[in-house]
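What follows is calculated from the coordinates using simple rules that are stated; it is not laboratory data. Being a predicted model, the structure only gives us computed values, none of them experimental. Cβ atoms come from the backbone with ideal geometry, glycine included; neighbour counts cover every protein chain shown.
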Amino acid sequence: AVAAYLALSAQRPPDLERVNRLWKSVDAVKFYLSAEQCDALNQAREGIEEWRMENTHMRLQEPPLRPDSRMDITYWRPEGD
């Protein structure tokens, strides 16, 4: 979801329907995102919203993604390790 959103957000003009669907996918896994992923996604989202404002005179407001402090490396280890 992260890689797909970042790739799609770089396209101009962006496919806003796909962008919105992918953002929902990103939002569904936000617990697992690293600080670096959150930063990249927030920056990409801002670029989309700037394009949207320039071309449609509308802007969607979403709170920025932040890493969840409860997330740690144990979520990525297979059981028994």
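Values for this structure:
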read-out	value
FRET efficiency for Asp39 and Asp72, using Cβ-Cβ distance with R0 set to 22 Å, rounded to 0.05	0.70
Inter-label distance, nm, simple model (7 Å from Cα along the C-beta direction), Ala4/Glu62	1.3 nm
The chain, relative contact order [Cα under 8 Å, separation at least 6], %	33 percent
Helical mean residue ellipticity (222 nm; -39500 (n - 2.57) per DSSP H run of 4+; nearest 500) of the chain	-17000 deg cm²/dmol
Fully extended contour minus Cα-Cα distance, from Glu49 to Asn20, at 0.36 nm per residue	9.3 nm
Local electrostatic count, Thr56, Cβ distance below 15 Å [Lys/Arg +1, Asp/Glu -1]	-2
Nitroxide proxy distance, nm - points 7 Å out along Cα→Cβ at Arg12 and Val29	2.8 nm
Net charge dipole size for the range 2-75 [Lys, Arg +1 and Asp, Glu -1 on Cβ; Debye, nearest 20]	180 debye
